[in-house]
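The values are calculated or read from the model by the stated rules, or taken from the named source; none is laboratory data. Bear in mind that the values here come from a model prediction, so they are computed numbers and not experimental data. Note that each Cβ is placed from the backbone with ideal geometry, even for glycine, and that neighbours are counted across all protein chains shown. Areas reflect the complete protein model, heavy atoms only, side chains present, ligands, DNA and RNA absent. Shrake-Rupley method; radii C 1.70, N 1.55, O 1.52, S 1.80 Å.
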Amino acid sequence: MRAPLLVATTTLSLLLCGVVAQFEDETTEYKGKHIGQLNSYHHQVSGDVYAVDANTILIRKFVYDGDGKDTFFWAGTSNRPGAEGFIVPDQNQKTNVLDKYYNEDFTLTLPSKRKITDIKWFSIFDINTQNNFGDVFIPADFTPPGYQELAKMQGTTNSINSDKVVVMDSKTVKIPAFTYDGKGGEVYFFAGEGPQPSSRGFIVPDELGYLAPLGIYFENDVILQIPGDKTVFQIDWLAVYDMKNHRDLAYVIINQDLNVPPSLVSVMEHKPGLPNCKMLHKNLMVAWESFPPQLTIQLAGHIKDDEYMAFGLSGAQGENKMVGGDVAVLYMDEFLGHVEDFNLTAKAVCHTVLGQEGGACNDEMMGGINSHQLRSATRENGITALTYRTTFQNLDDAGDLVIPESGPVSVIWAMGKVSERAHRIKEPSFHHTYSRMHTQIDFGNSEPYNDCISFTTDRKEVSAPWFVPPVFDPPRRFFSAKLGPGGGRRGFSGKTGLPASNLVWYIEGLMVPDIYLKRGLDYTFEVEGGSNPNSAEFYHPFIITDEPIGGYDRLTEEQRKNVRVLAGVEFTWRGKPRPTSAGRLCLWKHRNEGDRRRDDEINSFERFRNSLTYKCEDGDKAVLQVTPNVTWPDVVYYHSYTTPYMGWRIHVVDNFRRRPKFGNSGEHALPATLTSLALVTTFIFKIFS
C-alpha cells in the first residue's frame, strides 16, 4: 500500500505546486482576458493565449520546435482550423514562415482591422501539409478587454466636475473634461483601498508626472497613470483629495470586475542602496546617507541618454526658488558619468555679463571649485543613477550654499537636455521638468525616510511639433524681432531639434520662423531684445551668423575663427566684438505667470500664442540693416549675441520666382493653393486679433 500512497501523495503535491504556480503567475501581472491554453497536436506546440484588446492577442510561454515546412500563425471563421483562414503576422509584423520558439511572450495584431470576436479559432497551421499543430477556440460569448466607463468626478466645492471617468487599461485612468479651480490648497489626485477615500491612500502623479498640489483645470482631458507596480485592480477609489484637511472633494469608485486591456507601460524597479529616499517626480528620485561632515547623495531618473538631472539647495530657504540656487548637475556622456557644481544666478545659460559669468554657471568657470565627487554611475533597465559625495559644511567655495547637518532645508530639482557649449564641453540647457512646489529634506534625519516607488515608462503618446508658418513675403522689407517662451517639446525644440533656451526670438509674432531674403535687397530688423548688459536673462542683441547655435559672446577666440558674423556685430581696432542691435525689451510671456509645463498640451502654435500676453519696457527699438549679397551662404541663422539656442534659419535666395516647398521633418507642408503672403497675413491677423 505504501507505493500507491507515495504516488498519490506525489501527484497531489505536483497538482498543488501547479495550482500555486498558476495562482502566483496570474496575480503578479495582469495580462488581459484569458482565452485558453493552446491545444498541442504536433511539434511541441504549447502556450497560453490572452486577449489584450479587441484585435490584439498575447501569447505567453509559447513553444514550437520550428520543424514545420510552411507554418504560420493562422485564424479563421470556419468550425475548425483548415484551409479557409488567413495568416496572422508574427510579433515583428512579418508573414514569414515561423522559426523556433522557446518559452517566449509576445503580442500579435489581427490584420485588416479584424477583431477577436470576428474569428472562431487561432492556430499554428502548416499550409503546405494542411496540418494543424495546435489551436485554441474563441468562446461564442467572448468579450475582449476594452475601455470601461465609471461615474463622473463631481464635487460640491471648488467647481470640480468632469465627464464620465474612463479606465483605459490596467494602469491608466482618463478624467475627461476635468474642471477644478485650483484653490483647494494641498489637493492631489489620490487613490486607495476601502469603501471610501481616506488618508491611508497614496498620491497619484498628475498628467505630467508631478507630485505637487493640483493647479487650475478647465475642461481638460486628464490622463493619469497608477504609480509604481500598482494597478486599478489594487484600488477601490480615485479621488481629488485635500491632504491637509483629510477630506475628499470628489471621487469615483473603481469596479473590481473591470475587463480592461493590460497596460503596456513597463515597471522599472530601482533600489538606490541608501537608507533614505524621496520621490521628487514620477521620473526622478533622490536618496541619501549622512556621516557628518560627509553626505552621500544618489539621483536616479528615467531620462533619455542626452538628458541631465539637477538637484540642490533652493535660492531662498522656505521657498521653491531657482535663482540663487546651488545645484549638482549630473549626466552620462556615453559610458562616463559626470557630476558638476553649478550656481544659478539667472534663468539663462551661462554667459558673460559685463565681464562676469552669469546664468546657470559651473562653479569652476566662475573661479570656484567642484565640491562634489562622483562615486558611481550606471544606466540599467531604463534608469540612470549617479551617486556623488559632498560635505555639509563646505568652506572652500564662497559660491556654495551650506547644507545643515540637522533640520529641514529647501531643495530644488530639474531635468532637461544636455547641450554642447564648445567642443567636448557639456552644459545643461533650459529644463523641461522642474520643481513646482516647496520641498524640504532633513539630510541629518535620525530615522530612515523612504517614500520611493518603482519607475514606470510613459504612455507612447505622439505629439507633433507645432507648425509655424515661414515668413515668405517678397515685398516685405521690415521685420520685428521680439522675445518669448520656447513652448516646450512642441515648440522650439520640436521645430529645430535643438535644446531650448529660456527665451527665443519671435519674428513678426511667429516663434523662430524660417525667413526668406533676396540677395541685393535692403532689409531692416527692428530689434527689441533688451538693452541692459547687466541682465543675464534679458540682454539679447540680435545677430546673424553662418552657424546654427548662437551665443557668439561665449565662444573662445579660437572658436570665433570658425564663425562668420554677417550682421549685428562690429569689431574694435583691437579686434574685439561689440554687438550693435539690442533695443528695449519687448516680451511675450505666459498670462499671470501661467504654468509653462502645460505648453505641450496646446495643439497649435496659434492657440499657444493667443495664451500669451505682451509687454514692452520703456525705450527705443534698435535698428539692424542688412543687405544679403553674393558672398552670403544660401542658409544663415539669426541669433542672440549672448545666449545660444534662441534663433533659426534665414534662407537667402537669388529671386522669388519659384515658391519653395515649405515644411520639413518637424513641420507640415503648406497647402499648395494658398500663397505664402496670404497665409502669413491671415495667421498674423488671427494671433493679434
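One residue alone among THR117, THR77, THR107, THR95 is open to solvent by 20 Å² or more (accessible area, probe 1.4 Å), touching a Lys or Arg at 6+ places or on another chain (Cβ under 7 Å) and either among the β-branched types (Val, Ile, Thr) or free of Cβ contacts under 8 Å to residues at least 12 places away in the same chain (or both), and that residue is THR77. Scanning the range 463-490 for residues that are open to solvent by less than 10 Å² (accessible area, probe 1.4 Å) and not in a loop (DSSP other than H, G, I, E, B) yields a total of 6. Would the range 509-521 turn up any residue that is open to solvent by 10 Å² or more (accessible area, probe 1.4 Å), over 30 Å from SER535 (Cβ atoms), of a type in the set (A, V, I, L, M) and in a loop (DSSP other than H, G, I, E, B)? Yes: the range 509-521 contains one or more residues that are open to solvent by 10 Å² or more (accessible area, probe 1.4 Å), over 30 Å from SER535 (Cβ atoms), of a type in the set (A, V, I, L, M) and in a loop (DSSP other than H, G, I, E, B). Just one of the listed residues (SER493, SER501) is closer than 26 Å to LEU344 by Cα, among the hydroxyl-bearing types (Ser, Thr, Tyr), part of a helix (DSSP H, G or I) and under 26 Å from the mean Cα position of the chain (by Cα), namely SER493.
Among the residues of the range 367-390, those identified as modelled with pLDDT of 90 or more and of a type in the set (Ser, Thr, Tyr) are SER376, THR378, THR384, THR387, TYR388, THR390.
Pairing each residue of the range 142-167 that is more than 15 Å from LYS33 (Cα to Cα) with any residue that is among the basic types (Lys, Arg) and in a loop (DSSP other than H, G, I, E, B), provided the two are 6+ apart or on different chains, yields C-beta distances under 8 Å for ASN158/LYS183. Looking only at the range 126-137, decide whether some residue is aromatic (Phe, Trp, Tyr) and open to solvent by less than 60 Å² (accessible area, probe 1.4 Å). So far as the range 126-137 goes, yes, one or more of its residues are aromatic (Phe, Trp, Tyr) and open to solvent by less than 60 Å² (accessible area, probe 1.4 Å).
Matching residues to (1) surrounded by 15 or more Cβ atoms within 10 Å (Cβ to Cβ); (2) small (Gly, Ala, Ser); (3) more than 19 Å from THR157 (Cβ to Cβ); (4) in contact with a Lys or Arg (Cβ under 9 Å, 6 or more places away or on another chain):
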| site | (1), (2), (3), (4) |
| --- | --- |
| LYS183 | no, no, no, no |
| PHE202 | yes, no, yes, yes |
| VAL222 | yes, no, no, yes |
| ALA239 | yes, yes, no, no |
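The listed residues are ALA310, ALA360, and the only one of them that is in contact with a strand residue (DSSP E or B) (Cβ under 8 Å, 6 or more places away or on another chain), open to solvent by less than 30 Å² (accessible area, probe 1.4 Å) and over 22 Å from THR642 (Cα atoms) turns out to be ALA310. For the range 493-524, filtering for residues that are within 19 Å of PHE472 (Cα to Cα) and of a type in the set (A, V, I, L, M, F, W, C) leaves 8.
Is it the case that some residue within the range 574-591 is free of Cβ contacts under 8 Å to residues at least 24 places away in the same chain, under 25 Å from ALA414 (Cα atoms) and either open to solvent by 30 Å² or more (accessible area, probe 1.4 Å) or in contact with a Pro (Cβ under 7 Å, 6 or more places away or on another chain) (or both)?
Scanning the range 574-591 turns up at least one residue that is free of Cβ contacts under 8 Å to residues at least 24 places away in the same chain, under 25 Å from ALA414 (Cα atoms) and either open to solvent by 30 Å² or more (accessible area, probe 1.4 Å) or in contact with a Pro (Cβ under 7 Å, 6 or more places away or on another chain) (or both).
Of all residues in the range 482-502, those that are at positive phi have Cβ atoms under 9 Å from Cβ atoms of residues that are assigned to a loop (DSSP other than H, G, I, E, B) and polar (S, T, N, Q), 6 or more apart or on another chain, in GLY497/SER665. The set of residues in the range 133-172 that are under 27 Å from TYR251 (Cα atoms) and of a type in the set (Phe, Trp, Tyr) contains only TYR147. Among residues of the range 203-217 that are at positive phi, those with a beta-carbon under 7 Å from a residue that is open to solvent by 10 Å² or more (accessible area, probe 1.4 Å) at least six positions away or on a different chain give the pairs GLY209/LYS282; GLY209/ASN283.
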